[in-house]
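In what follows, a structure is listed as structure tokens, so that the remarks can point back to it.
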Amino acid sequence: MESWLRQCRQLLADTFAPARCIDCCGEGTWYCAQCRKNAPIAFQTCIGCKTSHPRGKTCISCREDIPLTGIISAGAYTNHALQRGIEWLKFKGVRPVAEILAGIMIPHLQLIVPFDELSRSALLIPIPLHARKLQQRGFNQCQDIAEGISRICNIEIAPLLIRKKATHSQATLRHDARPENVKDAFALACSEEEYKNLVTKKPIIILLDDVTTTGSTLIAAALALPNIPDVSIWCATVARG
């Protein structure tokens, strides 16, 4: 019944709220050709100290505390298209925007490794919502974006994490309170043996989130994954705050 109601709401939205460009708000498409010419510029900075670093890799000094190889973001959250796209998807339930955001992210993923290697060797792990939040929202925006990337790039989606603790919205907290808020919030969704067998075949993990500022959520998610030699853990986000 709930699924049927969501489908009805989506049909009504498509009928009475036609597509509008996430940048200029012009009707007819979710991202018009003119606005695509001004695509956002990817961040290439360390997730820890925020210093410029090729391919967004985590610098050597920050790797002591951060279990992430690097982070790729399509642009700054101040970019109108990215900010509006995330807000429409996440808070207004305009789910067709997910594929647009996926398309904006895709060109930057090759900073991790070339596309052919991504399809062979990478796993996409969308950051999960807590069960209560998922029930309230009806969908996980990160899952929707991941599915858009997977369809186009043939990268396997692996739901290897669960969110075991309901947390406050990171955006409502001071930066120094965010790590504690998400501490131990995630857990492995399979056995360690199953995880090891999977990442032995596909040793590039890409944690996918819509937006990050301090990186606390992504770091907490990475800490929930067993440490396996030769497995790299990357992050990919639509925007950096």
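Scan region 59-80 for residues that are within 15 Å of Arg240 (Cα to Cα) and either of a type outside the set (Gly, Ala, Ser) or open to solvent by less than 20 Å² (accessible area, probe 1.4 Å) (or both) and jot them down.
Gly70, Ile71, Ile72, Ser73, Ala74, Gly75, Tyr77, Thr78, Asn79, His80
I'm trying to understand the selection: among the residues of region 30-56, which are over 14 Å from His108 (Cβ atoms) and either of a type in the set (D, E, K, R) or touching a strand residue (DSSP E or B) at 6+ places or on another chain (Cβ under 8 Å) (or both)?
Trp30, Arg36, Lys37, Cys46, Ile47, Lys50, Thr51, Ser52, His53
Could you count how many residues in region 112-137 are surrounded by fewer than 22 Cβ atoms within 10 Å (Cβ to Cβ) and assigned to a loop (DSSP other than H, G, I, E, B)?
Residues meeting the conditions: 3.
Every residue in region 179-202 that is of a type in the set (D, E, K, R) and modelled with pLDDT of 85 or more, please.
Lys183, Asp184, Glu192, Glu193, Glu194, Lys196, Lys201, Lys202
Among Ile60, Ile41, which is the only one that is without any contact (Cβ under 8 Å) to a residue 40 or more places away in the chain and within 27 Å of Ala19 (Cβ to Cβ)?
Result of the check over Ile60, Ile41: Ile41.
This table checks each residue for (1) touching a residue at least 40 places away in the same chain (Cβ under 8 Å); (2) within 24 Å of Phe43 (Cα to Cα).
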site	(1), (2)
Ile127	yes, yes
Phe139	yes, no
Gly148	yes, yes
Ile162	no, no
Ala166	no, no
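Within the set of pairs 6 or more residues apart or between chains, which connect a residue that is within 13 Å of Gly70 (Cβ to Cβ) and touching a residue at least 24 places away in the same chain (Cβ under 8 Å) inside region 215-239 to a residue that is open to solvent by less than 30 Å² (accessible area, probe 1.4 Å) and among the polar types (S, T, N, Q) with Cβ atoms less than 7 Å apart?
Every condition considered, the pairs that remain are Leu218/Thr212; Ser232/Thr69; Ile233/Thr69; Trp234/Thr69; Thr237/Ser73; Thr237/Thr212.
If we keep just the residues of region 82-111 that are of a type in the set (Gly, Ala, Ser) and assigned to a helix (DSSP H, G or I), which is surrounded by the fewest Cβ atoms within 10 Å (Cβ to Cβ)?
Ranking the candidates gives Gly103 first.
Would you mind finding the one in Ala13, Ala42 that is at pLDDT below 90 and in contact with a helix residue (DSSP H, G or I) (Cβ under 8 Å, 6 or more places away or on another chain)? Spell out the reasoning first.
Working: Ala13 fails: in contact with a helix residue (DSSP H, G or I) (Cβ under 8 Å, 6 or more places away or on another chain).
Sole residue among the options that is at pLDDT below 90 and in contact with a helix residue (DSSP H, G or I) (Cβ under 8 Å, 6 or more places away or on another chain): Ala42.
For Ile149, only one of the following conditions fails: (1) out of contact with any Leu (no Cβ under 8 Å at 6 or more places or on another chain); (2) outside any loop (DSSP other than H, G, I, E, B); (3) open to solvent by less than 80 Å² (accessible area, probe 1.4 Å). What is its number?
So the condition that Ile149 fails would be (1).
Scan region 189-204 for residues that are farther than 17 Å from Leu223 by Cα and hydroxyl-bearing (Ser, Thr, Tyr) and jot them down.
The answer is Thr200, and nothing else.
Take the residues of region 29-58 that are outside any loop (DSSP other than H, G, I, E, B), open to solvent by 70 Å² or more (accessible area, probe 1.4 Å) and polar (S, T, N, Q): which is farthest from Ala98 (Cα to Cα)?
Ser52
Mind checking which residues of region 215-241 are on the phi > 0 side of the Ramachandran plot and buried (at least 22 other Cβ atoms within 10 Å of the Cβ)?
Result: Gly215, single match.
In this structure, does Thr212 turn out to be buried (at least 22 other Cβ atoms within 10 Å of the Cβ) and either free of Cβ contacts under 8 Å to residues at least 12 places away in the same chain or not aromatic (Phe, Trp, Tyr) (or both)?
yes
The values are calculated or read from the model by the stated rules, or taken from the named source; none is laboratory data. Just so it is clear, the structure is predicted and the values come from calculations on it, not from any experiment. No Cβ is skipped: glycine too gets one built from the backbone with ideal geometry, and neighbour counts run over all protein chains shown. The area values use the complete protein model at the heavy-atom level, side chains included, leaving out ligands, DNA and RNA. Shrake-Rupley method; radii C 1.70, N 1.55, O 1.52, S 1.80 Å.
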